[in-house]
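Here, each number is a calculation from the coordinates, and none is a lab measurement. Please read all numbers here as calculations on a predicted model, not as lab measurements. Neighbour counts run over all protein chains shown; Cβ positions are idealised from the backbone, glycine included.
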Amino acid sequence: MKPFRSIFFGLALLATTACNQAPVQNSDSQYDNAVVENIMTRRSIRKYKAEPVSRELINKIMECGINAPNGQNKQSWEVRVVDDPAVMDKIKDAMAAGHPNMDPEMVKGCFRGAPVMLFIARDTGYQFSPYDCGLLSENIMLSAWSYGVGSICLGIPVRFLTDNDICKPIVEGLGFSEGYEFCLCIGLGYPDETPQARPRDMGKVKFLEKI
C-alpha cells in the first residue's frame with residue numbers, strides 16, 4: 001500500500017472532480033474549497049452502520065473510480081462488487097476454513113463489517129497496473145466520501161483468500177479475466193464512527209534547488 005500513497009495526494013484533486021456531483025462544502029469549514037475539504041476530512045472507517053448502499057450510488061462512485069488517471073488509458077483493472085450479505089458470508093466462511101489455526105472471528109472480521117466490498121484485480125501484462133489500481137482506489141474512496149459513504153482500503157483479505165487451496169473456488173468465482181491478478185479490496189458503507197486524523201509528516205515533501 002505504501003508505494004501508492006506518494007502519488008495519491010498529488011492526484012487526489014482529480015478524484016472528486018471526475019464525479020457528476022461535487023462535494024458540498026460546509027460553510028464553517030476551515031478549508032478554502034469543497035474538494036480540499038473532501039480530501040482532508042476523509043478517514044478510513046472500521047465500523048459501519050447496518051445500512052445498505054444503493055446500487056445507483058455505487059455505480060456513481062464506480063464511474064468516478066474508472067475516470068482515474070491510468071497509463072496509456074489501458075484501464076488495467078477489473079472490479080467485482082459484492083453487496084449481498086449471503087455472498088459475503090460465503091467468502092468469510094471460506095477464509096475461516098482456509099485458516100484453521102487462526103481465530104475464525106478475527107479472520108472474518110478483516111472486512112471490518114463494510115456492507116459493500118470491492119474486489120480489485122490488476123492486469124499482470126502491464127507493469128504499471130498496480131499504480132493504476134491505486135489511482136482507481138483513491139478516486140473510489142474520495143468520491144464515496146463526497147456522498148457521505150465511508151471506505152477502507154484492505155490488503156489482508158487478499159492474503160487470506162490466496163494463500164490456501166480452500167479459497168481458490170472463491171477467487172475463481174470472482175470471475176476476473178485471464179491475466180488478471182486479485183490485488184486489493186475496498187470496503188464501502190455508511191460510517192458508524194468518526195475517527196480523528198492521524199498526524200502526517202510534511203517533512204517528507206522537499207523542494208529541490210539542485211541535483
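A simple packing score, the average count of other Cβ atoms within 10 Å per residue, orders the peptides 190-201, 170-181, 69-80 as 69-80, 170-181, 190-201, with the highest score first. For region 155-186 versus region 104-134, the spacing of their alpha-carbon centroids is 8 Å. A dipole drawn for the chain from +1 and -1 charges on Cβ atoms has a positive end, and of 131, 36, 184 the residue lying farthest that way is 36.
Farthest towards the positive end of the charge dipole of region 80-178, among the residues 160, 118, 150, is the Cα of 150, using unit charges on the Cβ of Lys, Arg, Asp and Glu. Residues 163, 83, ranked from the fewest to the most other C-beta atoms within 10 Å, line up as 163, 83. Axis of helix 2-17 versus longest Cα principal axis of the chain: the two differ by about 60°, to the nearest ten degrees. Residue ranges 97-108, 132-143 sort as 132-143, 97-108 when ordered by packing (mean number of other C-beta atoms within 10 Å per residue, highest first). For the chain, averaging the sequence separation of C-alpha pairs within contact (under 8 Å, six or more residues apart) and dividing by the residue count gives a relative contact order of 30 percent. For residue 204, the lysines whose Cα falls under 18 Å of its own Cα, not counting residues fewer than eight places away in the same chain, are 2.
Which entries in the list 92/168; 49/108; 60/168; 47/92; 47/168; 60/90 go over 21 Å, if you measure between the two C-alpha atoms of each? Those over the limit are 60/168; 47/168; 60/90. Our summary of shape: the Cα atoms of region 87-210 have principal axis extents of 54, 40, 30 Å, ordered from largest down, in whole angstrom. Just to confirm the number: angle between the C-alpha axis of helix 55-65 and the first principal axis of the chain, 0 to 90 degrees, nearest 10? It is inclined by approximately 60 degrees. Can you tell me the 0 to 90 degree angle between the C-alpha axis of helix 85-97 and the longest principal axis of the chain, rounded to 10? Computed tilt is about 70 degrees. Convex hull volume per residue, computed on the Cα atoms of region 2-194, equals 125 Å³.
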